[in-house]
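Here the structure comes first, spelled out in structure tokens, and everything after it is commentary.
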Amino acid sequence: MNRVRSAAALALAGALSAWTPTAMAGAPMATEDADVLAPSECEWESTANRTTVSGFSVRTLATKAGCGLVPGTQLAFGLARTTAEGESANGLGLTGKTALIPRRDGGFGLTLAYGFAWAKEPGDSLRYAATTVTLVASQGVGDWTFHGNLGVTRFRAEGDSRSTWALGAEYALSPAVSALVETYGSEGNGSAWGAGLRWAASQSWSFGLMASQTQRSPKAKDVLLSAKLAF
């Protein structure tokens, strides 16, 4: 395998590993929120993002659908496809959230988020890839909403576990538009910063844009677009 293909394979593996079971939860943010869907409430969410690092471009398309099953618990199923330098890899995830302290009227909420991910890299079969468990807190203060995440991800391929964290804030610029800022990272991989916008186009549809950059060299720059339908 030449240098380009080797680097592409590494980028694909890294991108799928980064697609942890709780990814897309608060899209376009990487930070999870403590809100949980009520029974019979459902969401369909899709994202498209491009990551550029060391001259290579990695593109990922992902989609998931989830519903509230019983009071305080929701489950979702997601698919992702990552492409770099002509090679593609696929991933799928089963995710859930259970409210420990239900969040009401924009107040404080504490939730346990969890999930399982599988990945199919070039030339390989679909294999179990990772398990993630994350404690999630959210608190509204006026026009602000703050989120904090602390979790651990167990990667099958590496045979080890890595702690993860995230801090995010949303500010309501208007009833329909919110400004977003966040920082997040994982053990051994450094941190990233991001900023973006979320637009509630209607009671059912919302759209988001997020730009982020890692702090450790080589720096990776990421642009993500999201769309969500609530029904």
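The values are calculated or read from the model by the stated rules, or taken from the named source; none is laboratory data. Just so we're clear, the structure is a prediction, and the values are computed from it rather than from any experiment. When we count neighbours, we look across all protein chains shown, and the Cβ atoms used for this are built from the backbone with ideal geometry, even at glycine.
Structure data summary
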{"read-out": "Per-region count, region 101-123, residues part of a strand (DSSP E or B) and either within 21 Å of the chain's Cα centre (by Cα) or under 18 Å from THR31 (Cα atoms) (or both)", "value": "12"}
{"read-out": "Output for region 55-85, where each listed residue is more than 19 Å from TRP118 (Cα to Cα), buried (at least 22 other Cβ atoms within 10 Å of the Cβ) and among the charged types (D, E, K, R)", "value": "none"}
{"read-out": "Qualifying residue in region 83-90 (condition: in a strand (DSSP E or B), of a type in the set (D, E, K, R) and over 14 Å from the mean Cα position of the chain (by Cα))", "value": "yes"}
{"read-out": "Output for region 154-187, where each listed residue is assigned to a loop (DSSP other than H, G, I, E, B) and either under 30 Å from GLU121 (Cα atoms) or among the aromatic types (Phe, Trp, Tyr) (or both)", "value": "ARG156, ALA157, GLU158, GLY159, GLU187"}
{"read-out": "Cβ-Cβ under 6 Å pairs, at least 6 apart or on other chains, region 38-60 side among the aromatic types (Phe, Trp, Tyr), far side crowded, with 18+ Cβ neighbours inside 10 Å", "value": "PHE56/ALA11"}
{"read-out": "Failed criterion for TRP44 (all others in (1) under 24 Å from THR153 (Cβ atoms); (2) under 16 Å from the mean Cα position of the chain (by Cα); (3) in a strand (DSSP E or B); (4) at pLDDT 95 or above hold)", "value": "(1)"}
{"read-out": "Failed condition for ALA211, given (1) within 17 Å of the chain's Cα centre (by Cα); (2) among the aliphatic types (A, V, I, L, M); (3) surrounded by fewer than 16 Cβ atoms within 10 Å (Cβ to Cβ); (4) within 30 Å of ALA38 (Cα to Cα)", "value": "(4)"}
